[in-house]
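Student: Attaching a single structure in structure tokens format; questions to follow.
The values are calculated or read from the model by the stated rules, or taken from the named source; none is laboratory data. In this text the structure is predicted, and so the values were computed from the model without any measurement. All Cβ positions, glycine included, derive from the backbone under ideal geometry; neighbour counts span all protein chains shown.
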Amino acid sequence: MTKYTPTIGLEIHIELKTKHKMFCECLNDPEEKRPNLNICPICLAHPGVLPKPNKEAMEKVLQLGLALNCHLSDIAKFDRKNYFYPDLPKGYQISQYDKPFCQNGYLEISDIKEGVYQFKKIPIRRIHLEEDTARLIHEGGSSFVDFNRAGIPLAELVTEPEIHSAKEARRFCEELHLIIKYLDIGDADMEKGEMRCEVNISIAANELGDSSKVLGTKVEIKNLNSFRAVEEAIKYEIERQTEMLEKGEKVIQETRGWDEKEKKTTSQRIKEEAHDYRYFPEPDLKPIKTAEVFPLDDLQRAIPELPNDKRLRFLKEYGLKAQEVEELVYEPPMADYFEKVIMELDGLKSTEGKEREERIKLAYNYLSTDLKALMIQNACGVESLKITPHSFATLIDFLDKKMISSAVGKAVLAEVFESGANPEVVIKEKNLLQVFDTAEIDEIAKLVINQNPQAVADFKKGKVNALQFLAGQVMKESKGRFNPQLVQERIKNLLTN
């Protein structure tokens, strides 16, 4: 057992993908580059204006809560969080304090150990809704404020402090990001600030054992903008606090920032407590009776299959390995395409058991390597593929039945990817069907043998590579039409008889 145990809690802000801002009719457009365009008297906090809550944003945060197994509050209300900063036009932020929309949920993170999935539930304390601040821009010794972001709907998720490693914290962020994409409630691009993570971390000595350990002094790390930064910042902070405790120094409660270049945290300010914000109910917005205002059953039914459900189903239905499943789960459009391919493949030939698993594995291999390489090379997404699931399945069927060689399969895939043609038509028009005629194979094999006396001599000396070289030359002459195994057998036969 290690001498110290880290205790970590996360606070994660997610910009919600809505048409309008949280409390006004201004456009919610994170791609707008022109400063101070999507603004109005409400999001600029002019005197006398009144906020009106965005129903679309509230529905999205409720759907996130349902996806994360939260209890939805019967009555939710908005509060004023008071603090003064240049990016906050009102001098307070409309947020939620004691009655958020969602409470007491959990997110189940997964990890693969020795090829097997392992799951762990991380408790979620709350998910509440608030408005984003403006953006500060520092240029040439001056500071400017762009209010386009002011008022954009933010969902803030707060975990319980029950994460105990940098890796677990990173996995939580990655899984949350994936769920947001599945729900399509936000883009959650961390580099653009659409998902921002803050870490609360403390370490404590294990002198009395884990069951009775006392939490250490909490330090907050602000605005981590990548999964890697979350993991690296926590690792650094664990080491920093451990060194302090080893020296007999006292860790102080403070807010620190992450220096990406130096790979270390730096002190920013002494951490505020909740009472420092002087929360009180927002007088311009009445409490919301959740079940009366929102169609909760409809929101629940609209939740798609979530990542963990997909993981377990793919393992059971397709016989893939956990790492193969993971690659598909992390790319939902590719996972959907894969399933359509398998449906078409099953329609072309009814199989079960081991035989079906082998056909599925063949399809997965070509999809995850050759097709993906073509997509990357051509900067093409699944939505713009010219090769339909039926065409892809047809090609796999030809390969599985040994009607074409692997080399021909790759060449046909590249052509169909480019043109959208029917692979069966391409194969037959170009006479690419695999040849098993030993007489035709022998004819070209004899020619290759006569042209490569050194390789023949090497083969007779027992060099395995010589056979592979000769077989490769025969396959080249046949333009990949010959069956590769039969080619090697015929060369051996010609050289040993």
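Student: Among the listed residues E305, E358, E344, identify the single one that is modelled with pLDDT of 95 or more, in contact with a His (Cβ under 7 Å, 6 or more places away or on another chain) and either among the charged types (D, E, K, R) or under 30 Å from L72 (Cβ atoms) (or both).
Tutor: After applying the criteria, what remains is E344.
Student: Moving on to the next point. Filter the range 443-471 down to residues that are surrounded by 15 or more Cβ atoms within 10 Å (Cβ to Cβ) and over 44 Å from the mean Cα position of the chain (by Cα), then give me how many there are.
Tutor: 12
Student: May I pose another question? Out of the residues in the range 201-246 that are surrounded by fewer than 17 Cβ atoms within 10 Å (Cβ to Cβ) and of a type in the set (A, V, I, L, M, F, W, C), state the one that is modelled with the lowest pLDDT.
Tutor: L208
Student: Follow-up question, since we're still on this one. Does D146 count as touching a His at 6+ places or on another chain (Cβ under 9 Å) and charged (D, E, K, R)?
Tutor: Considered against the rule, which asks whether it is touching a His at 6+ places or on another chain (Cβ under 9 Å) and charged (D, E, K, R), D146 comes out as no.
Student: Restricting the range 168-197 to residues that are over 16 Å from D111 (Cα atoms) and among the acidic types (D, E), which is modelled with the lowest pLDDT?
Tutor: Taking the candidates together, the pick is E191.
Student: Would you call E15 in contact with an Asp or Glu (Cβ under 6 Å, 6 or more places away or on another chain) and modelled with pLDDT of 95 or more?
Tutor: yes
Student: Out of the residues in the range 112-149 meeting the condition of being exposed (fewer than 14 other Cβ atoms within 10 Å of the Cβ) and among the acidic types (D, E), tell me which one is farthest from L27 (Cα to Cα).
Tutor: So the residue we want is E114.
Student: Another question about this same structure. In the range 1-111, which strands (runs of 3 or more DSSP E) lie fully inside it and hold 2 or more residues that are touching a helix residue (DSSP H, G or I) at 6+ places or on another chain (Cβ under 6 Å)?
Tutor: Those strands (runs of 3 or more DSSP E) span 4-15, 79-82.
Student: What residue, of V408, V412, V474, V425, is surrounded by fewer than 19 Cβ atoms within 10 Å (Cβ to Cβ), aliphatic (A, V, I, L, M) and either out of contact with any Ser or Thr (no Cβ under 9 Å at 6 or more places or on another chain) or closer than 23 Å to G347 by Cβ (or both)?
Tutor: So the residue among V408, V412, V474, V425 that is surrounded by fewer than 19 Cβ atoms within 10 Å (Cβ to Cβ), aliphatic (A, V, I, L, M) and either out of contact with any Ser or Thr (no Cβ under 9 Å at 6 or more places or on another chain) or closer than 23 Å to G347 by Cβ (or both) is V425.
Student: Could you tell me whether any residue of the range 144-163 is part of a helix (DSSP H, G or I) and in the same structural domain as I234 (by TED's automatic domain parsing)?
Tutor: No; the residues of the range 144-163 include none that is part of a helix (DSSP H, G or I) and in the same structural domain as I234 (by TED's automatic domain parsing).
Student: Tell me yes or no: at least one residue of the range 228-246 is part of a loop (DSSP other than H, G, I, E, B) and touching a strand residue (DSSP E or B) at 6+ places or on another chain (Cβ under 8 Å).
Tutor: Within the range 228-246 (the criterion being part of a loop (DSSP other than H, G, I, E, B) and touching a strand residue (DSSP E or B) at 6+ places or on another chain (Cβ under 8 Å)), the answer is no, since none of the residues qualifies.
Student: Looking at the range 34-55, which of the residues that are under 32 Å from the mean Cα position of the chain (by Cα) and within 20 Å of K77 (Cα to Cα) is surrounded by the most Cβ atoms within 10 Å (Cβ to Cβ)?
Tutor: Checked the range 34-55; the qualifying residue surrounded by the most Cβ atoms within 10 Å (Cβ to Cβ) is N54.
Student: Based on this model, can you work out whether A76 counts as in contact with a Pro (Cβ under 9 Å, 6 or more places away or on another chain), at positive phi and in the same structural domain as S165 (by TED's automatic domain parsing)?
Tutor: Considered against the rule, which asks whether it is in contact with a Pro (Cβ under 9 Å, 6 or more places away or on another chain), at positive phi and in the same structural domain as S165 (by TED's automatic domain parsing), A76 comes out as no.
Student: Can you tell me how many residues within the range 38-55 are touching a residue at least 60 places away in the same chain (Cβ under 8 Å) and either outside the structural domain of T18 (by TED's automatic domain parsing) or in contact with a His (Cβ under 9 Å, 6 or more places away or on another chain) (or both)?
Tutor: 1
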